[in-house]
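Trainee: Structure below; questions to follow.
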Amino acid sequence: MTRVGKTRRALRGLRGLRGLLTGLCGAALAVAGTAPSQAAPGPRPAWEARDSGTDARFRGLAAVSRSTAWVAGTKGTVLLTRDAGRSWRNVSPPGAGALEFRDVEAFDARRAVVLAIGDGDASRVLRTDDGGRTWTETFRNPDPRAFYDCMTFFDTRHGIALGDPVDGRYRVLATGDGGRSWRVLPPDGMPAALPGEAAFAASGQCLVSSGRRDAWIATGGAATSRVLHSADRGRTWTVTGTPVPAGDPARGVFALAFRDRTHGLAVGGDYRPGQPSERAAARSADGGTTWTAAGSPPPAYRSGVTWLPHSRTTAVAVGPTGSDITTDGGRTWRGFDTGSYDTTACAPDGGCWAAGEKGRAARLMGTPH
């Protein structure tokens, strides 16, 4: 499928989002500035700032543990902390200053894979096995029609990366060796894309997985927002609509989170400043086959979402105008912070992180059990 113009292409990749949102929410990444909309019993969550020492905008985030996290963003920037964010090491790939990193997937403090977005050969994948001391480029997109948005791994070997539709179908890359090599999967098992449909490279969460084989894709830009599901590591897909409004290149589902292969959350809205984002969240209890709108959704566009480990009901969503928490599995959300974040992730040991514009990085404190 050919692109419908530079403007829509930019919207799909969110390359212009940084400029549109630069003026939003200059609040510092500190507990000061939080504004819960409703009091709640028990501990109140708060983001605790972790100075990254850079002004890059981070949309890629990999939470390895309470102490270890990777972030990736603009100007080819990749940072690593191994001391809970007290210090960050700049491990950016040499010569990558022109690349826009939008996703990072990490297996531990040494092994990580980063995805750069863009038309044609601007879309690339790089991998490190030594904590970012050296990097190897393992994929450079040869097709000028293709534009890659996000990626996910099922285990330390198997992963997939998602590209916007080409010839009417989403393009999926697959790796079986931890991101050292990639191949384009046959398009036969992919449902046809809707006119104008695309994924959003906003937080590294337009493609997510749970377990060793299940993956989901979030879409927008078309008449309706949809979620695609694969139970075989991306070879075949089914698709269903969601109640999150679309109908415009700037609206749809931006991020997904599944705490297992059954229970999922979707967040999104309209990323343009000042535009309403009704029904900006939905939930699924059947693996993404059906979706129900949140009864009390976040009040504005949200670009990232994550389940808290060891909880069946608690999750956090973030966006450029604030953060929200649900303690009832996505039925209702309440705000707890007004700072600007683009992405969020939790590690298996319970360490939860967020990252965003102007080098912002933070850890989540005081969450309910």
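The values are calculated or read from the model by the stated rules, or taken from the named source; none is laboratory data. Being a predicted model, the structure only gives us computed values, none of them experimental. Reconstructed Cβ throughout: ideal geometry from the backbone, glycine too, with neighbour counts over all protein chains shown.
Trainee: Looking only at residues in segment 103-126 that are of a type outside the set (Val, Ile, Thr) and surrounded by 22 or more Cβ atoms within 10 Å (Cβ to Cβ), which one is farthest from Trp88 (Cα to Cα)? Step through it out loud before you land on a result.
Mentor: At the first step, the residues of segment 103-126 found to be of a type outside the set (Val, Ile, Thr) are 103, 105-112, 115-116, 118-124, 126.
Applying the additional criterion that residues be surrounded by 22 or more Cβ atoms within 10 Å (Cβ to Cβ) yields 103, 105-106, 112, 115-116, 123, 126.
Working: Asp103: 18, Glu105: 17, Ala106: 16, Ala112: 16, Leu115: 20, Ala116: 21, Ser123: 26, Leu126: 20 Å.
The qualifying residue farthest from Trp88 (Cα to Cα) is Ser123.
Trainee: Let me ask something additional. Condition first: outside any strand (DSSP E or B), polar (S, T, N, Q) and touching a strand residue (DSSP E or B) at 6+ places or on another chain (Cβ under 6 Å). Now tell me which residues in segment 336-363 satisfy that.
Mentor: Restricting attention to segment 336-363, the residues satisfying the condition of being outside any strand (DSSP E or B) are 338-342, 347-351, 356-360.
After this cut, where a residue has to be polar (S, T, N, Q) as well, the list is 338, 340.
Of everything in segment 336-363, just one residue is outside any strand (DSSP E or B), polar (S, T, N, Q) and touching a strand residue (DSSP E or B) at 6+ places or on another chain (Cβ under 6 Å), namely Thr338.
Trainee: Could you grab me the full set of residues in segment 303-335 that are in a strand (DSSP E or B) and more than 15 Å from the chain's Cα centre (by Cα)?
Mentor: Our first condition is that a residue be in a strand (DSSP E or B); within segment 303-335, this holds for 304-307, 315-319, 322-326, 332, 334-335.
The answer is Gly322, Asp324, Ile325, Thr326, Thr332, Arg334, Gly335.
Trainee: Mind telling me which of the residues Glu137, Glu100 ends up being on the phi < 0 side of the Ramachandran plot and in contact with a Leu (Cβ under 8 Å, 6 or more places away or on another chain)? First the steps, then the outcome.
Mentor: On the way: Glu100 fails: in contact with a Leu (Cβ under 8 Å, 6 or more places away or on another chain).
Result: Glu137 is the single residue among Glu137, Glu100 that is on the phi < 0 side of the Ramachandran plot and in contact with a Leu (Cβ under 8 Å, 6 or more places away or on another chain).
Trainee: Now, a different point. Within segment 88-135, count every residue that is of a type in the set (A, V, I, L, M), part of a strand (DSSP E or B) and in contact (Cβ under 8 Å) with a residue 40 or more places away in the chain.
Mentor: Start the filter on segment 88-135 by keeping residues that are of a type in the set (A, V, I, L, M), which leaves 91, 96, 98-99, 104, 106, 109, 112-117, 122, 125-126.
From what is left, the residues that are part of a strand (DSSP E or B) are 104, 106, 112-117, 125-126.
Among the residues that remain, those that are also in contact (Cβ under 8 Å) with a residue 40 or more places away in the chain are: 104, 106, 112-117, 125.
So the count comes out to 9.
Trainee: Return yes or no: is Thr327 in contact (Cβ under 8 Å) with a residue 24 or more places away in the chain and touching a strand residue (DSSP E or B) at 6+ places or on another chain (Cβ under 8 Å)? First the steps, then the outcome.
Mentor: Details: in contact (Cβ under 8 Å) with a residue 24 or more places away in the chain: yes; touching a strand residue (DSSP E or B) at 6+ places or on another chain (Cβ under 8 Å): no.
Criteria not met by Thr327.
Trainee: Moving on to the next point. Does segment 211-222 contain any residue that is over 17 Å from Ala192 (Cα atoms), under 14 Å from the mean Cα position of the chain (by Cα) and either of a type in the set (A, V, I, L, M) or at pLDDT 95 or above (or both)? Steps first, please.
Mentor: Of segment 211-222, the ones over 17 Å from Ala192 (Cα atoms) are 211-215.
Filter once more, so that each one left must be under 14 Å from the mean Cα position of the chain (by Cα): 215.
This time we only want the ones that are either of a type in the set (A, V, I, L, M) or at pLDDT 95 or above (or both), so: 215.
Yes, the conditions are met somewhere in segment 211-222.
Trainee: Is one or more of the residues making up segment 161-183 free of Cβ contacts under 8 Å to residues at least 12 places away in the same chain, surrounded by fewer than 18 Cβ atoms within 10 Å (Cβ to Cβ), of a type outside the set (A, V, I, L, M) and over 21 Å from Arg110 (Cα atoms)? It would help to see each step written out before you state the result.
Mentor: The first filter runs over segment 161-183 and keeps only residues free of Cβ contacts under 8 Å to residues at least 12 places away in the same chain, leaving 183.
Then drop every residue that is not surrounded by fewer than 18 Cβ atoms within 10 Å (Cβ to Cβ), which leaves 183.
With of a type outside the set (A, V, I, L, M) added as a condition, the list becomes 183.
Filter once more, so that each one left must be over 21 Å from Arg110 (Cα atoms): 183.
Yes, because at least one residue in segment 161-183 is free of Cβ contacts under 8 Å to residues at least 12 places away in the same chain, surrounded by fewer than 18 Cβ atoms within 10 Å (Cβ to Cβ), of a type outside the set (A, V, I, L, M) and over 21 Å from Arg110 (Cα atoms).
Trainee: Let me ask you something else. For segment 199-228, how many residues meet the condition of being in contact (Cβ under 8 Å) with a residue 40 or more places away in the chain, assigned to a loop (DSSP other than H, G, I, E, B) and surrounded by fewer than 24 Cβ atoms within 10 Å (Cβ to Cβ)?
Mentor: 3
Trainee: Let me ask something else about it. Only one of (1) over 25 Å from Leu308 (Cβ atoms); (2) part of a loop (DSSP other than H, G, I, E, B); (3) of a type in the set (Ser, Thr, Tyr); (4) out of contact with any helix residue (DSSP H, G or I) (no Cβ under 6 Å at 6 or more places or on another chain) fails for Tyr148. Which number is that?
Mentor: Checking Tyr148 against (1) over 25 Å from Leu308 (Cβ atoms); (2) part of a loop (DSSP other than H, G, I, E, B); (3) of a type in the set (Ser, Thr, Tyr); (4) out of contact with any helix residue (DSSP H, G or I) (no Cβ under 6 Å at 6 or more places or on another chain), the one that fails is (2).
Trainee: Residues to consider are Arg251, Arg279, Arg302; find the one that is basic (Lys, Arg) and either touching a Lys or Arg at 6+ places or on another chain (Cβ under 8 Å) or surrounded by fewer than 24 Cβ atoms within 10 Å (Cβ to Cβ) (or both). Write out each step before concluding.
Mentor: Details: Arg251 fails: either touching a Lys or Arg at 6+ places or on another chain (Cβ under 8 Å) or surrounded by fewer than 24 Cβ atoms within 10 Å (Cβ to Cβ) (or both); Arg302 fails: either touching a Lys or Arg at 6+ places or on another chain (Cβ under 8 Å) or surrounded by fewer than 24 Cβ atoms within 10 Å (Cβ to Cβ) (or both).
Arg279 is the lone residue from the list that is basic (Lys, Arg) and either touching a Lys or Arg at 6+ places or on another chain (Cβ under 8 Å) or surrounded by fewer than 24 Cβ atoms within 10 Å (Cβ to Cβ) (or both).
Trainee: Residue check: is Gly196 assigned to a loop (DSSP other than H, G, I, E, B), surrounded by fewer than 24 Cβ atoms within 10 Å (Cβ to Cβ), modelled with pLDDT of 95 or more and touching a helix residue (DSSP H, G or I) at 6+ places or on another chain (Cβ under 8 Å)? Let's see the steps before the verdict.
Mentor: Details: assigned to a loop (DSSP other than H, G, I, E, B): yes; surrounded by fewer than 24 Cβ atoms within 10 Å (Cβ to Cβ): yes; modelled with pLDDT of 95 or more: yes; touching a helix residue (DSSP H, G or I) at 6+ places or on another chain (Cβ under 8 Å): yes.
The answer is yes for Gly196.
Trainee: Could you count how many residues in segment 305-320 are under 13 Å from His263 (Cβ atoms) and surrounded by fewer than 24 Cβ atoms within 10 Å (Cβ to Cβ)?
Mentor: Residues in segment 305-320 being under 13 Å from His263 (Cβ atoms) and surrounded by fewer than 24 Cβ atoms within 10 Å (Cβ to Cβ): 5 in total.
Trainee: For segment 249-274, how many residues are in contact (Cβ under 8 Å) with a residue 24 or more places away in the chain, part of a loop (DSSP other than H, G, I, E, B) and under 15 Å from Pro299 (Cα atoms)? It would help to see each step written out before you state the result.
Mentor: To start, the set of residues in segment 249-274 that are in contact (Cβ under 8 Å) with a residue 24 or more places away in the chain comprises 249-273.
Retained after the next criterion (residues that are part of a loop (DSSP other than H, G, I, E, B)): 249-250, 259-263, 271-273.
Still in the list and also under 15 Å from Pro299 (Cα atoms): 271-273.
So the count comes out to 3.
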